[in-house]
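Novice: Provided herewith is a single structure, encoded as structure tokens, for subsequent inquiry.
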Amino acid sequence: MSFYRLQALPAYSTDRSRKDVPIWSGLDPVPAVGDEVHVRINRVGRSKVMGYGVQDGYLGVMVYPLDPPDWWIKQNGQPSAEKPALAFGAEIRSLTKQV
């Protein structure tokens, strides 16, 4: 498993056959740092984008939940920008209006 974290959005593609750039799996455009998204997986909920991560060739966003479920706090502690989690495009929906 390979993982690396980025502050700036890298070149990416939605074409899953490409191997030269990370793949974005979302239907919405990649959110910007500072945008809010809804993390559907595990009912994490409204979260803030802090950066980007690439894991095994897929682009994700580094987020921290703004009002996480109790299980999340028990497992991870209080959410903060210092300890974001990785969420992939297929797992999120943008809450910040795209201009």
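Novice: Mind checking whether some residue in the range 17-29 is under 20 Å from Ser2 (Cβ atoms), small (Gly, Ala, Ser) and more than 13 Å from the chain's Cα centre (by Cα)? Reasoning before the result, please.
Specialist: Within the range 17-29, the subset under 20 Å from Ser2 (Cβ atoms) is 17-25.
The next check asks that each one be small (Gly, Ala, Ser); those that pass are 17, 25.
So of that shortlist, the ones also more than 13 Å from the chain's Cα centre (by Cα) come out as 17.
The answer is yes; a qualifying residue exists.
Novice: Right, another one. If we scan the range 40-52, do we find a residue that is surrounded by 13 or more Cβ atoms within 10 Å (Cβ to Cβ), closer than 20 Å to Gln7 by Cα and in contact with a Ser or Thr (Cβ under 8 Å, 6 or more places away or on another chain)?
Specialist: No: zero hits.
Novice: Return the only residue of Leu95, Leu86, Leu59 being modelled with pLDDT of 95 or more and open to solvent by 30 Å² or more (accessible area, probe 1.4 Å).
Specialist: Values: Leu95 fails: modelled with pLDDT of 95 or more; Leu59 fails: open to solvent by 30 Å² or more (accessible area, probe 1.4 Å).
Residue meeting the stated conditions: Leu86.
Novice: Pick from the range 70-83 the residues that are farther than 24 Å from Val54 by Cβ and of a type in the set (D, E, K, R): which of them is surrounded by the fewest Cβ atoms within 10 Å (Cβ to Cβ)?
Specialist: Going through the range 70-83, the residues farther than 24 Å from Val54 by Cβ turn out to be 70-71, 73-74, 77-78.
With of a type in the set (D, E, K, R) added as a condition, the list becomes 70, 74.
Values: Asp70: 7, Lys74: 9.
Selected residue: Asp70.
Novice: Going by what's in this entry, would Trp24 be described as out of contact with any Cys (no Cβ under 8 Å at 6 or more places or on another chain), at pLDDT 95 or above and of a type in the set (A, V, I, L, M, F, W, C)? Please lay out each step first, then the result.
Specialist: Values: out of contact with any Cys (no Cβ under 8 Å at 6 or more places or on another chain): yes; at pLDDT 95 or above: yes; of a type in the set (A, V, I, L, M, F, W, C): yes.
Yes: the conditions hold for Trp24.
Novice: Collect the residues in the range 44-58 that are under 13 Å from Arg93 (Cβ atoms) and either part of a loop (DSSP other than H, G, I, E, B) or more than 11 Å from the chain's Cα centre (by Cα) (or both), keeping them in residue-number order. Steps first, answer last, please.
Specialist: Step one: list which residues in the range 44-58 are under 13 Å from Arg93 (Cβ atoms), which gives 44-47, 49.
Hits for the range 44-58 are Val44, Gly45, Arg46.
Novice: Testing Val61 on (1) within 22 Å of Thr96 (Cβ to Cβ); (2) in a loop (DSSP other than H, G, I, E, B); (3) of a type in the set (A, V, I, L, M), one condition comes back false. Which one is that?
Specialist: Exception for Val61: condition (2).
Novice: Are there any pairs with C-beta distances below 6 angstrom linking a residue in the range 33-56 that is in contact (Cβ under 8 Å) with a residue 12 or more places away in the chain and farther than 18 Å from Pro68 by Cα to a residue that is in a strand (DSSP E or B) and open to solvent by 50 Å² or more (accessible area, probe 1.4 Å), with the two at least 6 apart or on different chains, and if so which?
Specialist: Gly53/Arg5; Val54/Tyr4; Gln55/Phe3
Novice: Cβ-Cβ distance below 6 Å, separation of 6 or more or different chains: which pairs start in the range 11-28 with a residue that is in a loop (DSSP other than H, G, I, E, B) and surrounded by 12 or more Cβ atoms within 10 Å (Cβ to Cβ) and end on one that is among the polar types (S, T, N, Q) and at pLDDT 95 or above?
Specialist: So the pair list comes out as Val21/Ser13; Trp24/Thr14.
The values are calculated or read from the model by the stated rules, or taken from the named source; none is laboratory data. Just so we're clear, the structure is a prediction, and the values are computed from it rather than from any experiment. A quick note on method: Cβ atoms are made from the backbone with ideal geometry, for glycine too, and the neighbour counts reach across all protein chains shown. Heads up: the accessible areas ignore ligands, DNA and RNA and are worked out on the full protein's heavy atoms, side chains in. Shrake-Rupley method; radii C 1.70, N 1.55, O 1.52, S 1.80 Å.
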